[in-house]
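Student: Would you mind keeping the following structure in view while I ask a few things?
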Amino acid sequence: MASVSSFSFDLEAQGRAAKLHIKIGAAPGIEEWRCYPPDFLGATNGTVAWRKNEIGLFSDSGNLEGAFTYGILIIPEIGLDNVAIGTVGDARFENWGAGNWILKNKLVS
């Protein structure tokens, strides 16, 4: 079985809050997010994609080309695996603009 890392975040923007869970596998095919409540990002789940130190939260269209971007989390240069629980970072959300994330839990395997 391929290893899978999971990360749980609190999201905040404009006085609104949500819970985000990301799963990323060592092998391709496991890059997904789930959010509650769904109206914070505009969807319940989708696909995760990386670009340098940004994690993009995309619609689950099966193809990132043309996929809708619900949000972007800016991750410290040390990488998400090395970020301490309780770390706060910047984010941008399609529905709410600038906001932040707080790492609440992680399981790196």
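What follows is calculated from the coordinates using simple rules that are stated; it is not laboratory data. The model shown is predicted, which means the values in this text are computed figures rather than measured ones. Heads up, the Cβs are rebuilt from the backbone with ideal geometry, glycines too, and the neighbour counts pull from every protein chain shown.
Student: Just to check, using Stokes-Einstein with a Kirkwood Rh over alpha carbon pairs, what's the diffusion coefficient of the chain at 10 °C and 1.306 mPa s in µm²/s?
Tutor: Translational D for this selection: 115 µm²/s.
Student: Then there is this: Multiply the residue gap between N45 and I102 by 0.36 nm, knock off their C-alpha separation, and tell me the result in nm, one decimal place. Write out the running numbers ahead of the final one.
Tutor: Details: separation 57, 0.36 × 57 = 20.52 nm, distance 1.87 nm.
Between N45 and I102, full extension yields an extra 18.6 nm.
Student: Evaluate the distance, in nm, between pseudo-label points positioned 7 Å from the Cα of E94 and of S8 along their respective Cα→Cβ axes.
Tutor: 2.6 nm
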